[in-house]
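A short write-up of the structure that comes next.
The values are calculated or read from the model by the stated rules, or taken from the named source; none is laboratory data. The model shown is predicted, which means the values in this text are computed figures rather than measured ones. Note that each Cβ is placed from the backbone with ideal geometry, even for glycine, and that neighbours are counted across all protein chains shown.
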Amino acid sequence: MLPDLNWGRILTLYTFQQQMVTKSNYDPEFSEFTAIWLKQNVTPWVEANGGSEG
């Protein structure tokens, strides 16, 4: 996704995603949006960097 790995940005995005997931537990409509957003924006980056296990 990004040519240079900016770990501050990555950690910020990760924290933001955790907050989104927490909020989505209480808001089904937000949960659907979160799932779509994460799938489109985060999954390709995760797969390009060794997958969720690594």
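Search the range 16-45 for residues being hydrophobic (A, V, I, L, M, F, W, C) and modelled with pLDDT of 75 or more, and hand back the single one that is nearest to residue 6 (Cα to Cα). Residue satisfying both the conditions and the ranking: 45.
Pairing each residue of the range 1-14 that is within 18 Å of residue 37 (Cβ to Cβ) and in a loop (DSSP other than H, G, I, E, B) with any residue that is charged (D, E, K, R) and at pLDDT 65 or above, provided the two are 6+ apart or on different chains, yields C-beta distances under 8 Å for 2/9.
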